[in-house]
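Student: Submitted below is the structure of interest, expressed as structure tokens.
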Amino acid sequence: MPKNQTKSFKNPFKAVTKKKKKTKQENLRHLRNFKKNKSHSSHSFIVTLSTRIFMMIHVFLLLSLCFSDYGFLPVASLGINYGQVGSNLPPPDKVLGLLSSLKITKAKIYDTNPQILTTFANSNVELIVTVENQMLAVVMDPQQALQWVITHIKPYFPATKITEISVGNEVFTDDDTSLIGYLVPAMVSIHGALVQLGLDKYIHVSTPNSLAILQESFPPSAGSFKSQVSTTMSQYLQFLANTGSPFWINAYPYFAYKGAPNNVSLDYVLFNKNPGMVDPYTKLHYDNMLYAQVDAVVYAMFRLGYSGIEVRVSETGWPSKGDPDETGATPANAAVYNRNLLRRQMRNEGTPLRPNTKLEVYLFALFNEDMKPGPTSERNYGLFQPDGTIAYNVGLSALSTTSSTSSSSSSASIFLTSSADKAAKMRYQSLVYWMFVYLLAFQVLLRQH
């Protein structure tokens, strides 16, 4: 073999070894670059993602501000009683506008006034209507009940959102004791008519009851019904259980305070801050009388063997004026009671016994009704005067007032701006502010790293 060829000969194993080292170095370099690029890519991804999240939250907050009237939403569990025993009440179309401005979407009337039912058609207000006490003996007859529903309900439903029929009002404690015997048969007949017409899935049947049906109400766990109504009460509760309808109670802590102002704490009945009371048997704490009254009804039903029926408040309120012997009937107390009740409703609270079930409440009443008989307080439970002006300041502020050309009376277009709303709005704005600050700081921190 020529010598020069020998010199030029290279060890193939050595060459391969060097090539392998070079490849390993390149791999290490590629790996470092990959990790660097991956880190940079991850950083960019996080920055991009945080920016998108930031923008999404920004858009969401703006939309929520626009579509929630600056953080205020209607209170789903709050309704109001729309009585009509007044000489100069506004017409139904004005009342509907008033309810809309108040953002109240539930109301109860004490009859089936066709003008109201027609006016409230295609609105967002749900209505409870009433079979008057004097009609109970008539609608006991299934055929009469069917005719009543065909005449008073079917022409208006579903355009008018009738959600319930109250059969009578405070029948168990009415002066006419014969009504008690008519009650359950009348309810069964009205419900049967709804079934026949295919409306029972949409419209419940029940009746409002006075708290006077209780033999005992304190402490709440001692709640029991009066013995003279227990037989009919059991039949009534069985009807509610069978149909899934609620038990309605008219509960007025005002009456307890008026009857014993020296023994009942005013703060306790007004929902103000107070030590409250502890039920000695259940150890549940109550900081207001309304919730204690509701739970007393629940315990009374327990004693008759019924535990799954929802209790709702068909009436509660406080008079702004009364006779000399009607202690506590003042505009100030009425404003505090209703304002604090509204705060509770905005929280969707339940009672101590049923904390996870929001308590549905209908405030009494929308108007002062100057033609109602009885003591002065009976004519002064309204948030508004019969002419539509505000009766007292419960946190309802007038946005505009228009004078009638035919009289000196005025009507106010109002919007709910209670102190509870203002506090909620401030908390909402504070939350928005700190969310923006946090997200901005987060973005700066990411860009620095």
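The values are calculated or read from the model by the stated rules, or taken from the named source; none is laboratory data. Keep in mind that this is a model prediction, so the values were computed, not measured. Because the Cβ atoms are built from the backbone with ideal geometry, glycine has one as well, and the counts that use them run over all protein chains shown. SASA here: full protein model, heavy atoms, side chains in, ligands and nucleic acids out. Shrake-Rupley method; radii C 1.70, N 1.55, O 1.52, S 1.80 Å.
Student: Using just the Cα positions, wrap region 174-247 in a convex hull and report its mean projected area in square nanometres, one decimal place. Numbers along the way, then the final one.
Tutor: Working: hull surface 21.9 nm².
That works out to 5.5 nm², a quarter of the Cα hull's surface.
Student: Another question, then. Over region 302-347, consider all pairs of different Cα atoms and compute the Kirkwood hydrodynamic radius from their mean reciprocal separation; express it in Å, one decimal.
Tutor: Working: mean 1/r = 0.0763 Å⁻¹.
Hydrodynamic radius (Kirkwood, Cα pairs) of region 302-347 is 13.1 Å.
Student: In terms of the ratio Rg/(2.2 N^0.38 Å) built on C-alpha atoms, what value belongs to region 300-392?
Tutor: 1.29
Student: Here's something else I'd like to know. Please report, for the Cα atoms of region 82-384, the Rg to one decimal and the Dmax as a whole number; what are they, in angstrom?
Tutor: Using the Cα atoms of region 82-384, the pair Rg, Dmax is 19.0, 55 Å.
Student: Please provide three numbers in whole Å: the alpha-carbon extents of region 93-250 along the principal axes, with the largest listed first.
Tutor: 45, 38, 27
Student: With every protein chain left in place, what is the accessible area per residue of region 82-384 in square angstrom, probe 1.4 Å? Could the numbers behind the result be given before it?
Tutor: Numbers: 12340 Å² over 303 residues.
Value for region 82-384: 41 Å² per residue.
Student: Next up: Rounded to the nearest percent, how much of the accessible area of region 82-384 (1.4 Å probe, protein heavy atoms only) is carbon and sulfur?
Tutor: Solvent-exposed carbon and sulfur of region 82-384 make up 51 percent of the total.
Student: Another question about this same structure. Give a quick list of chymotrypsin sites (Phe, Trp or Tyr not before Pro) in region 241-339 that DSSP marks as loop, anything other than H, G, I, E or B, with at most 15 other Cβ atoms within 10 Å.
Tutor: Tyr281
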